[in-house]
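Data first, discussion second: the structure below is written as structure tokens.
The values are calculated or read from the model by the stated rules, or taken from the named source; none is laboratory data. These numbers come from a predicted model, not from an experiment. Using ideal geometry, Cβ is built from the backbone for each residue, glycine included, and neighbour counts are taken over all protein chains shown.
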Amino acid sequence: MHSASNPLGWTGYEDSLVRAREATGAEESVTYGQVLIGDTDVMLVEFDFRFLGGSVGTATGDRLVHAFSTARAHGIPVVSLLATGGSRMQEGMFSLLQLQRVAQECYLNRESGIPHIAVLRNPTTGGVWASLGAGADIILGISGAQVAFGGKRVRSAEDADNPAFTAEGQYAAGQIDAVVTPESLPDVLSGWLDLLTGGTPEPADVPKALGHTELPATGWEAVQRARDPRRPGAAAYLESYFDSYALINGDRSGGVDSGVLCGIGRRGDRSIAFAAQTGTATQSAGYRTASRLITLADRFGIPVLTLIDTPGAANDAASESSGLAAAISGAFSAVAAAHIPVTTLVIGEGGSGGALALAGAGRTWITPDAYFSVIGPQAAAAILKRDPDEVSALADQLRLRPQDLLDLGIVAGIA
């Protein structure tokens, strides 16, 4: 018999619902309500895997829509605690269509500047992971949780226990931001909620230079200083600048570049987002992660600080195959489109467009230990077919010292 609660007339479905309600004490696989996490009022959405595998049916979709729309009306963040096998087979396509409704609500909240943190518990599979979970601003995975679009029962035998289908595997592939334990989850959530809701419109302060205070005498000295491994790097600047900070991870497209640190930090009573190069050649995933960070910060009114330190973009075959030019273009676009101010400090090497892609137009400073150039002097010598012994002279001709860049109007000041 067909009914609103059993649209396909699935034999035994009503009895399954009764048993699930008796076992859980809940009407559906999802419960929701406003709670305090730390000092932040949030809409908490929780899936119960005991209720028909945490599956989503039409009534579940109604609950998710109401939870997200209520959060939007009240301007409060959403925290989703997922544990689900995906769509409810007993409702067929009616169940699957709920994913479109959920995706629409996620989009509307995102456009309204409503933060969404998803927590992937064991298991998180199917369309709910691919819509509600993967669409969140910050994604946390519980250690050991199965996380995959295809559940274990529908994967091939050789993939059944592959670590790629775990929270740790998804983290390694840049799909989630952190793997946490159940015990640490409350503090992690509270910290992220403070960071995501603490933005102000004022630009980020320019960090204090941590290395030399005197300026380099020659262009080649500037290059050598910037390449000195003893020079303070991004990690030192972040530790000095922020009271505390949390990192995001990966480009959500399968890539991670450990040479770019992206996240949000607390400085005084406000949040500041950051994208910091660490001295290596920046990969496609690094630019995509930085773009994701800048776009996220812009949505929540959080100013951005970028720290430039790279000899340039990675130029190997793997980088070209992974869409390097498009990734650099995306970073330029993210900076250009941002409504929030992007403040930049060049703390080491500023090599070509690979460095410029993360620079705030008109808001770029440089330290005495850094240089910024259209290209490095060795590469310039190779392109111009100059002898290697002309490299130091080329460094002077490129006018790449901090004081040269200030005289030319390229930077706003020397930190």
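So, of the residues in region 84-138 that are basic (Lys, Arg) and crowded, with 21+ Cβ neighbours inside 10 Å, which turns out to be farthest from PRO7 (Cα to Cα)?
First, pick out the residues of region 84-138 that are basic (Lys, Arg): 88, 101, 110, 121.
Then keep just the ones that are crowded, with 21+ Cβ neighbours inside 10 Å; that gives 88, 121.
On the way: ARG88: 12, ARG121: 29 Å.
So the residue we want is ARG121.
Being within 25 Å of VAL335 (Cβ to Cβ), at pLDDT below 95 and either among the acidic types (Asp, Glu) or crowded, with 17+ Cβ neighbours inside 10 Å (or both) narrows it down to one of GLY362, GLY376, GLY353, so name that one. Working first, answer last.
Numbers: GLY362 fails: either among the acidic types (Asp, Glu) or crowded, with 17+ Cβ neighbours inside 10 Å (or both); GLY353 fails: either among the acidic types (Asp, Glu) or crowded, with 17+ Cβ neighbours inside 10 Å (or both).
Answer to the check: GLY376.
For GLY151, state whether it is assigned by TED's automatic domain parsing to the domain that holds ASP187 and modelled with pLDDT under 95. Steps first, answer last, please.
Details: assigned by TED's automatic domain parsing to the domain that holds ASP187: yes; modelled with pLDDT under 95: yes.
For GLY151, the condition - assigned by TED's automatic domain parsing to the domain that holds ASP187 and modelled with pLDDT under 95 - is met.
Is it true that some residue in region 220-238 is part of a strand (DSSP E or B) and either loosely packed, with under 15 Cβ neighbours inside 10 Å or touching a helix residue (DSSP H, G or I) at 6+ places or on another chain (Cβ under 6 Å) (or both)?
Filtering region 220-238 for residues part of a strand (DSSP E or B) gives none.
No, there is no match, as no residue in region 220-238 is part of a strand (DSSP E or B) and either loosely packed, with under 15 Cβ neighbours inside 10 Å or touching a helix residue (DSSP H, G or I) at 6+ places or on another chain (Cβ under 6 Å) (or both).
Being in contact with an Asp or Glu (Cβ under 6 Å, 6 or more places away or on another chain) and not in a helix (DSSP H, G or I), is that true of even one residue in region 192-199? Talk me through it step by step, then tell me what you get.
So in region 192-199, the residues in contact with an Asp or Glu (Cβ under 6 Å, 6 or more places away or on another chain) come out as none.
No, the conditions are met nowhere in region 192-199.
All but one of (1) at pLDDT below 95; (2) part of a strand (DSSP E or B) hold for ILE139; state the number of the condition that does not hold.
For ILE139, the failing item is (1).
Looking only at region 376-391, decide whether some residue is of a type in the set (S, T, N, Q) and touching a residue at least 24 places away in the same chain (Cβ under 8 Å). Walk me through how you get there before you give the answer.
Filtering region 376-391 for residues of a type in the set (S, T, N, Q) gives 378.
When the remaining residues are screened for being touching a residue at least 24 places away in the same chain (Cβ under 8 Å), the result is none.
No, there is no match, as no residue in region 376-391 is of a type in the set (S, T, N, Q) and touching a residue at least 24 places away in the same chain (Cβ under 8 Å).
Scan region 288-312 for residues that are touching a strand residue (DSSP E or B) at 6+ places or on another chain (Cβ under 6 Å) and part of a helix (DSSP H, G or I) and jot them down. Spell out how you get there, then give the answer.
So in region 288-312, the residues touching a strand residue (DSSP E or B) at 6+ places or on another chain (Cβ under 6 Å) come out as 289-290, 293-294, 297, 302-312.
Across region 288-312, the qualifying residues are THR289, ALA290, LEU293, ILE294, ALA297.
Picking from VAL346, VAL411, which residue would you name as being out of contact with any Lys or Arg (no Cβ under 6 Å at 6 or more places or on another chain), under 19 Å from ILE272 (Cα atoms) and buried (at least 24 other Cβ atoms within 10 Å of the Cβ)? Write out each step before concluding.
Details: VAL411 fails: under 19 Å from ILE272 (Cα atoms).
Answer to the selection: VAL346.
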